[in-house]
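Here is the structure we will look at.
The values are calculated or read from the model by the stated rules, or taken from the named source; none is laboratory data. Given the structure is predicted, the values throughout are model-derived calculations rather than measurements. Note that we place each Cβ from the backbone using ideal geometry, even for glycine, and neighbour counts take in every protein chain shown. Side chains are part of the model used for accessible areas, which takes the heavy atoms of the whole protein and leaves out ligands, DNA and RNA. Shrake-Rupley method; radii C 1.70, N 1.55, O 1.52, S 1.80 Å.
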Amino acid sequence: MIALPHFTLLRPATLAEAARLAGAPEARVVAGGTGLIPNLRLGLGAPLTLVSLDALEELRRIEVSPHGTRIGAGVSLQVLSEEPGIPTALREAARSVAAPAHRSAATLGGNLCLDTRCVYYNQSEQWRRSNGYCLKLGGDTCHVAPQGKKCRAAYSGDLAPALLVLDAKIEINGVLKPLHTLYNDDGAKHLALQPGEIVAAVHLPPAKGRSGYAKLRARGSIDFPLAGVAMMLSLSNNLIREVRVALTGTNSRPVLIEGTEALAGAEPNEATAGALAKLVQKQAGPMRTTLTAADYRRQGAMVLARRLLARLTMGESQGESQGESQGETP
């Protein structure tokens, strides 16, 4: 790693001021900094200004009402993982991120806006220069898919899939939008935020069913997901009323699996699990962005989806020692 680049650190007192400062050329927003600062030390960006959100107490509030829950973007992942009123999928996703020290600093908004990752990108400047750079930064070729013109770096935030299955909306500069509108299907420009736009909060409707999150990774702590799966399952008379599934770690944006409405009315049995796994197989798009084979990650996502369906059908909650959170081989 190299020394941090020179920059001016600003600490606005209001969200409106933060948005104004963040709209300046070469400005970046920083909250916990657990994703941004290591990238800057690798030479992945050199902003002239960092706009810190740590003075904005309003971003660290959780407000619960009969109409749902509003979670400030500055709420730490540690708080999310321990908050009893938070849906299980979101608590499990927050608990799965890195180590306790990271979770105490990392924030909800920061995890949602996490940069995409690739074995050709998350390297030192010397390494990237010797390999001719890549389409995501400094080059004109995606080393993962050289024949294409789109960056295939993978989105690896853990919270987005949980929020997608919970039908969350994001609050950006006072405007509510569906969460999926935050992302583009482009590893180099995966965020649809415009200059000066800041994610201020997430809004969750009242829970409709059971939810959970499972994650495949090389090691049982610290690592980003090779594949992550979130699920919301609503049952009626032991039949599926609704099931929603979302992925992370496999595509350039978090993916809400399409076609799950066809499973409404089915029993949550082995045949249904197989049908769900096929939907995941078709829509997961892992590439050579990690040292782990793409097909292993696709198969892993399928297995995690099947396990989640079984776990939620039984009404179980995930413990720290279970295989999904400890990187158990599918």
Q: Answer yes or no as to whether Ala55 is over 30 Å from Tyr120 (Cα atoms) and free of Cβ contacts under 8 Å to residues at least 12 places away in the same chain.
A: no
Q) Identify, please: which residue in the stretch 38-67 is small (Gly, Ala, Ser) and modelled with pLDDT of 95 or more and is, among those, nearest to the chain's Cα centre (by Cα)? A) Ser52
Q | The one condition in (1) modelled with pLDDT of 95 or more; (2) surrounded by fewer than 17 Cβ atoms within 10 Å (Cβ to Cβ); (3) closer than 19 Å to Ala162 by Cβ that Gly85 fails to fulfil | A | (1)
Q: List every residue pair whose Cβ atoms lie under 7 Å apart, where the two residues are 6 or more positions apart in sequence or sit on different chains, the first residue falls within the stretch 141-166 and is without any contact (Cβ under 8 Å) to a residue 60 or more places away in the chain, and the second residue, located anywhere, is open to solvent by 20 Å² or more (accessible area, probe 1.4 Å) and basic (Lys, Arg).
A: Cys142/Lys150; Cys142/Arg152
Q) Somewhere in the stretch 6-19, is a residue within 22 Å of Ile222 (Cβ to Cβ) and surrounded by 16 or more Cβ atoms within 10 Å (Cβ to Cβ)? A) no
Q. Just checking, how many residues over the stretch 68-93 are out of contact with any strand residue (DSSP E or B) (no Cβ under 9 Å at 6 or more places or on another chain) and either part of a loop (DSSP other than H, G, I, E, B) or in contact (Cβ under 8 Å) with a residue 12 or more places away in the chain (or both)?
A. 3
Q: Output the residues belonging to the stretch 94-108 that are part of a helix (DSSP H, G or I) and either surrounded by fewer than 17 Cβ atoms within 10 Å (Cβ to Cβ) or small (Gly, Ala, Ser) (or both).
A: Ala94, Pro100, Ala101, Ser104, Ala105
Q: Scan Gly319, Gly265, Gly274 and give me the residue that is modelled with pLDDT of 95 or more, surrounded by fewer than 13 Cβ atoms within 10 Å (Cβ to Cβ) and assigned to a loop (DSSP other than H, G, I, E, B).
A: Gly265
